[in-house]
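Only the coordinates and a few stated rules stand behind these numbers; no lab work does. It should be emphasised that the depicted structure is a prediction, and the values quoted were computed from it without experimental measurement. Neighbour counts are summed over all protein chains in view; Cβ atoms, including those assigned to glycine, are modelled from backbone coordinates with ideal geometry.
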Amino acid sequence: MTLLSVIGLGIDFGGITAVNALDFDVQPGEIVSIIGPNGAGKTTLFNMISGIYQPSRGHVVLEGRDVTDMEPHKLAERGMSRTFQNLQSFDQMTALENVMVGCHMSERSPIWADLLRLPSSSRRNRQTQEKAMALLERVHLVKAAHMEASSLSYGALKRIDIARALACDPKILLLDEPAAGCNAVETEEIDELIAEIAKEGVAILLVEHDMKLVMKISDHVIALNYGEKLAEGKPSEISRDPKVVEAYLGSHGGKEAAHALG
Amino acid sequence: MSELLQFVFSGLTVGAVYALVALGFTIIYNASEVVNFSQGEFVMLGGMLTVFIFEAGLPLWGAAFLAIFITALVGVLLNKLAIEPARGASVVNLIIITIGASIFLRGLAQIIFDKQLHRYPSFSGDDPLHIAGATLLPQSIWVMFGAAFVFAGLYAFFTRTLTGKAILATANNRLAARLVGINTNFIMALSFGLSAAVGATAGVLVTPITLTSYDIGVMLALKGFAAAMLGGMGNPFGALVGGLFIGLIEATTAGYLTSEYKDAAAFIVILLTLFVMPQGLFGAKSMERV
Amino acid sequence: MTAYLPPRVRALIILTILIALAPMLFPSSFYYRVGTLIFINSIAVIGLVILIGYAGQISLGHAGFSGIGAYACALGPVHLGLHPFASLILGAVVSALLAWFVGRPILRLKGHYLAVATLGLGMLISMVLTNETQLTGGPDGMAVEGLGLAKAVRETLGFKVKTSVVWYWFGGGMLLIGAWLALNLYNSPTGRVLRSLHDSEIAAKTVGADVARYKLVAFVISAAYASVAGSLLALFNRFITPDIASFLHSVELVTMTVLGGAGSVLGGIAGATLLTALPQVLTMFHEYEHVMLGLIMMLVMIFMRDGLLPTLRKLMLRRAIP
């Protein structure tokens, strides 16, 4: 069954159409990448799917249910999780606590139990901590567990963001430029991590500028330009699509572009 | 009918004062995104300084102008000593800084002046005008026209002069303004001076009617703030409409319902506004960027 | 040895020791009074630590809830025949209900807007207390029936003790309870979500947290704290005026909270101690009280943006690691 369907999705900001008439599907365990030049509407699309913006037109369907306009926390309960292009870390909390907040849905407890620190609350705390620690291990950040997020490097925060999103046990994970600002080694690690997550059956919707990464791991690529779908298909098809090449570098740079995308 | 007209007169008089306080908020907010909780103290200083300079022997108009000038200096100093060093601090910090400034100025006024109520003579006597069965004090006319004059003058300043446009540009985008060569520190100082002068003008105009003392600033600031938010934070036209509206609501509440709760009217209005349309009547809707 | 204790336990131990040992430095019973006032203010401040420090929401109207608590203790025994302590509970329940009822629309607002909305709420409560003269005695205030602590001690334990001394230990005990609850919250599932709101509401939403609900939780808890503090103040002073609900008192509470370091319970208590003790020490400069308060507020917020305790800790760390 199709996990996520986007049907005719569009949004206007003060009369200007940012995204228009977008359709695509995501299957479980699939890695789908959204590419396009800056301002093509990729992040806006993410914000609509994850319930932060209300679309002006169209629908988002998750596991057969219409979830358009649903609040982000309700979407999280239905298995949608995301990261952010410009980090949204909890700066004053430790790396471990950042990921523990991600476990929120499995550790929710009555307020009085937390105020009185009843055994049930302590037990949940311990379980969450173990789970969060395991996730930090997965993103190679165990050493940083007890450091405040504000003191960590950009690359580390990017990975914490992913660990936090994974802590929600998502069915679909939206990654907004997970490798931006990371060095080659870190990019490699993130690349492996994404492939691993997908192998476990989690669908991944990816926005990324690193074309090498996109072409290597995607099952399926959607190219946007000016808020509309330019092309859709397998990575090898997209990288040869003349419309995509032109959108990226203009018709002059055709050859170089084909090379860069290839 | 004459009763209603009477309430309208008194409502417009206090409303004009609230509008000026709200305008003062707006000027500073636009230049710096700081909400200056000590705005009411500028009104107090305008009135109190006029009282004491006048009693020291200067003619009333001279005392008034000197008071406005000194208050403007206080505004500039406030910016230089308390706001500029706190650049980049959080909203909570800035709120506490400006509230601290307000308490400080009030305490200072209490020491330098005293704790008594004061007034000075009205500018054009106290013989009321009779209009359709209602009475209107000449000083009320001074307040209303004075406020109208200030609004018109500032409108011209912001739209016709280069400096005024520079302030608007700084409000729009501080970095871009600096890149095109606008001295944003100067703009900040100017905004605080201007805002303080506007507040002091309100104090000078209204003191013969409402009297003044060291502690009138708190309530004025809160109501001016309510007016600014009702109109839409950052919009001078909204400040005018919001101020007059709150003045009218207050006067009619006092007249028809209960004078004890006339102060409550402003706060009920502001709470309802915030619940129903947080951006105010004429404010721009903002969107969170992620 | 203390290195093995969790920070929560360490904070409680430090606090207990301070409360227990402070009287050794007290030359007269006046100091017991000041100590009690510090404890009572600290309780209100701990509530605001949860709201401002944990959850990152501001309130300039919490004195209103203190007013409700105070007048509950003034009116409960007279009009409802309640025991003063039952009145304290009643006040806390009323405050919590009011906070719950108005909190939802108010907490949708952010920053300055939230500040003004809470301020308006506080002002309205304060105006009701001032104007309903028949019930509250108006601006002149009204007498409050005491808790009778000294009498209770004499009758049950059989020894005589000064009221100010009993209140010191009673207030200290209440503060420890308040601090214990807030410290428990800090590292709990609920507390973590509250603290996450401080830095990114959007991120908290995307991990499934019902942000509106959690803000409301913080608001309601802090209202209850403020209410209990107001009740205790009324019972302690045996007299109450509407000043307790005033805007200035709200501002004082927020200042105490932020002054010491809003993020931590101990920081909040440090702020409350400083701002409560200072005016008592400076009584000879009574004239200058407001000037000093204003100056302190500005200087700390400009030069120690995180508050006293965190700034001091940073300085010490910097010295330790050259």
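Points 7 angstrom from Cα along the Cβ direction at A:Asp91 and C:Asp140: gap in nanometres?
Result for the modelled spin labels: 5.3 nm.
Return, ordered by residue number, the residues of segment C:164-205 whose backbone nitrogen is under 17 Å from a label point located 7 Å along Cα→Cβ of A:His146.
Backbone N within reach: C:187.
FRET efficiency for B:Gln116 and C:Phe303, Cβ-Cβ distance as r, R0 = 35 Å, nearest 0.05?
With R0 = 35 Å, the Cβ-Cβ based efficiency is 0.45.
Express in whole angstrom the spacing between the alpha-carbon centres of segment A:38-60 and segment B:251-267.
Cα centroid of segment A:38-60 versus Cα centroid of segment B:251-267: 47 Å apart.
For segment C:35-99 and segment C:189-233, write down the distance between their C-alpha centroids in whole Å.
17
Report the charge-dipole magnitude of chain A in Debye, nearest 20, computed about the Cα centre from +1 at each Lys and Arg Cβ and -1 at each Asp and Glu Cβ.
Dipole size: approximately 480 debye.
On the first, second and third principal axes, largest extent first, how far apart are the outermost C-alpha atoms of the protein assembly as shown in Å?
Principal extents (largest minus smallest coordinate, Cα): 88, 80, 58 Å.
Can you give the extra length, in nm with one decimal, that the chain gains between A:Ile16 and A:Asp66 once fully stretched, where that is 0.36 nm per residue apart less the Cα-Cα distance?
15.4 nm
Using only the Cα atoms of segment C:1-79, build the gyration tensor, take square roots of its eigenvalues as a ≥ b ≥ c, and label the shape rounded, prolate or oblate: rounded if a/c is under 1.5, else prolate if a/b is larger than b/c, else oblate.
Oblate.
Would you give the gap between the C-alpha center of segment B:169-213 and the C-alpha center of segment A:70-99, rounded to a whole Å?
Cα centres, segment B:169-213 to segment A:70-99: 41 Å.
Skipping prolines and chain starts, which residues have an amide H placed within reach, meaning under 5 Å, of the one on C:Phe239, given they are 5 or more residues away or on another chain?
C:Val144
With r defined as the distance between the Cβ atoms of B:Ala156 and A:Asn38 and R0 fixed at 56 Å, what FRET efficiency is calculated, to the nearest 0.05?
Computed FRET efficiency for B:Ala156 and A:Asn38 comes out at 0.85.
What does the convex hull of the Cα atoms come to per residue for chain A, in Å³?
In chain A, the Cα convex hull volume per residue is 138 Å³.
Going by C-beta contacts inside 10 Å, put A:Lys131, B:Lys80 in order with the fewest on the left.
B:Lys80, A:Lys131
Note the angle between two axes, namely the Cα long axis of helix B:184-210 and the longest principal axis of the Cα atoms of chain B, as a number of degrees from 0 to 90, rounded to the nearest 10.
Taking Cα atoms only, the helix is inclined about 10 degrees.
Out of C:Gly267, C:Gly81, C:Gly69, any idea which swings most in a Gaussian network model of chain C, alpha carbons joined below 10 Å?
Comparing C:Gly267, C:Gly81, C:Gly69 in the GNM, the peak value goes to C:Gly81.
Regarding segment B:2-276, what is the average projected area of its C-alpha convex hull, in nm²?
15.1
With Kirkwood's inverse mean 1/r over C-alpha pairs for Rh, give me the Rg to Rh ratio of segment A:90-168, two decimals please.
1.00
Could you check the spin-label model distance between B:Leu5 and B:Leu81? Points 7 Å from the Cα along Cα→Cβ, value in nm.
Roughly 5.0 nm, to one decimal.
Over segment C:2-246, what lengths in whole Å, largest first, do the semi-axes of the equivalent ellipsoid take, defined as the square roots of 5 times the eigenvalues of the alpha-carbon gyration tensor?
In descending order the semi-axes read 31, 26, 14 Å.
Kindly express, to the nearest 10 degrees and within the range 0 to 90, the angle between helix B:39-55's C-alpha long axis and the longest C-alpha principal axis of chain B.
50
Under 10 Å, Cα contacts only: if you run a Gaussian network model on chain A, which one of A:Gly102, A:Gly15, A:Gly233 comes out with the highest mean-square fluctuation?
In the Gaussian network model the winner is A:Gly15.
To the nearest whole percent, what portion of all C-alpha pairs in segment B:1-90 is separated by more than 20 angstrom?
That fraction is 51 percent.
Looking at chain C as a GNM with Cα springs under 10 Å, which of C:Lys110, C:Lys160, C:Lys215 has the largest mean-square fluctuation?
Highest fluctuation among the options: C:Lys160.
Out of B:Ala177, B:Val150, B:Leu240, whose Cα points farthest toward the positive end of the dipole of segment B:2-276 (charges: +1 Lys, Arg; -1 Asp, Glu; placed on Cβ)?
B:Ala177
Apply the membrane-span-like helix rule to chain C: whole DSSP H runs, Cα extent along the own long axis of at least 15 Å, mean Kyte-Doolittle hydropathy at least 1.0. List the helices found.
For chain C, where a helix must reach 15 Å along its axis and average at least 1.0, the hits are C:7-21, C:29-48, C:62-75, C:84-106, C:111-131, C:163-186, C:211-237, C:247-260, C:265-281, C:289-303.
Using unit Cβ charges (K, R positive; D, E negative) and no other charged atoms, how large, in debye to the nearest 20, is the dipole of segment C:197-300 about its Cα centre?
300
Using +1 on the beta carbon of Lys and Arg, -1 on that of Asp and Glu, and nothing else charged, what's the dipole of the protein assembly as shown about the Cα centre, debye to 20?
Rounded to the nearest 20 debye, it is 1580 debye.
Pairing the Cα long axis of helix B:60-78 with the longest principal axis of chain B, what angle in degrees results, from 0 to 90 and rounded to the nearest 10?
Orientation of helix B:60-78: about 30 degrees from the principal axis.
What distance in nm separates the two pseudo spin-label positions at A:Glu196 and B:Thr163, each 7 Å out from Cα along the beta-carbon direction?
Inter-label distance under the simple model: 6.4 nm.
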